[in-house]
Amino acid sequence: MISAAARVFAVGVAGVQGWGSGGSFLARRPVLNPQDLIATVVTGDDPAAPVPEAHPGTQEVIARLHKMATEQVDLNKDGILDRHELVDFAVVLRDGEREKFTAEEMARWDRNGDSLVELAELHGNLDSKTMTPELQAALAVVEEKFHGVDFDLDGGLNRDELHIFLHPELHTDALQLEAEQQFAQLDTNQDGGVDLRELGSAYSGEAEFDDAYTSHELDIHDHNKDGKLDIHELEELVEGHKYVEHMVGQMITLLDRNKDGRVTMKEFGADHRLLLAAEAIEDWLYSSSARDEL
């Protein structure tokens, strides 16, 4: 699974103008669903047991993944995928998706073709006189974010500024503002923390993110284990790197048969059930930037 950075907070304009925060996470471009490719879901089976027959398309996918690991992950060509290489590759995938998303949004919102996105272009045809209070509040959040990244104060976002607007986790000040806005939005009971229910409200309507996923996210970032996220823990969630490290750690745990903290190429392809069960592999399969290299 991918970082929930932007999914935690939708600015509220989405569905009216189509403007949302979807650029901060790895954009979904479904090609192959790992769960559709395997006949047996991992349920704690003995990893030494014979691997059951797989879906006919599995071998092709495994071959693609092996090629990706060999050519794009194992950069020192030692036949081993260590934690640093896997984390670095995950970051590369996210950076590629961010770049593509920014290019798409620049083309979408730069209505007059001047290579700047202005507030008026973001507002589009919205009429302030007929806006609901909820939409007005959402636009106020957007405007605060906009002015926060308009570094040259020219009233428009150039490509680099738009990139930070869409991906605030890449800039210290923008990340802090994003976390503050999200915290204010999510901490509905104003007790100084975002609990499981409040965090779950950020994923309402997202079938992919069920209660188990939300609980998992909370557990990863709740360092003091008080059952809720303070502003610093939420900022870490928005930043997303800890989730990347978590995914890589889970992948190593699944595939590292000799428990030496690394994954050899032999271990990588030993059991398609375990390989396709790794959350990090979803990024490999769904990332258009990774596929473009194959």
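Find the residue count for region 265-283, including only residues that are closer than 18 Å to Ala90 by Cα, small (Gly, Ala, Ser) and either part of a loop (DSSP other than H, G, I, E, B) or open to solvent by 20 Å² or more (accessible area, probe 1.4 Å) (or both). Going through region 265-283 one residue at a time, the tally reaches 2. Looking across region 67-115, the residues that are in a helix (DSSP H, G or I), more than 22 Å from the chain's Cα centre (by Cα) and either among the charged types (D, E, K, R) or under 17 Å from Val244 (Cβ atoms) (or both) come down to Lys67, Glu71. You will find that of Arg273, Arg262, Arg197, the residue that is of a type in the set (Lys, Arg) and touching a Ser or Thr at 6+ places or on another chain (Cβ under 8 Å) is Arg273 and no other. For region 155-170, the set of residues classified as out of contact with any Lys or Arg (no Cβ under 8 Å at 6 or more places or on another chain), open to solvent by less than 80 Å² (accessible area, probe 1.4 Å) and within 14 Å of Leu116 (Cα to Cα) consists of Gly155, Gly156, Leu157, Asn158, Glu161, Leu162, Ile164, listed by residue number. Restricting to region 149-179, and then to whatever is over 19 Å from the mean Cα position of the chain (by Cα) and in a helix (DSSP H, G or I), can you tell me which residue is farthest from Asn224 (Cα to Cα)? For region 149-179, the residue satisfying everything is Arg159. Within region 171-201, being hydrophobic (A, V, I, L, M, F, W, C), closer than 17 Å to Glu144 by Cα and open to solvent by 20 Å² or more (accessible area, probe 1.4 Å) holds for Leu177, Phe183, Ala184.
When restricted to residues that are more than 24 Å from Val194 (Cβ to Cβ), open to solvent by 50 Å² or more (accessible area, probe 1.4 Å), part of a loop (DSSP other than H, G, I, E, B) and not charged (D, E, K, R), region 208-264 contains 1.
Phe146 meets each of the listed conditions (1) surrounded by fewer than 19 Cβ atoms within 10 Å (Cβ to Cβ); (2) within 25 Å of Ala179 (Cβ to Cβ) apart from (1).
The values are calculated or read from the model by the stated rules, or taken from the named source; none is laboratory data. Keep in mind that this is a model prediction, so the values were computed, not measured. Cβ coordinates were reconstructed from backbone atoms using ideal geometry, including for glycine residues, and neighbour counts include every protein chain displayed. In case anyone asks, the SASA skips ligands and DNA or RNA and just uses the protein heavy atoms, side chains included. Shrake-Rupley method; radii C 1.70, N 1.55, O 1.52, S 1.80 Å.
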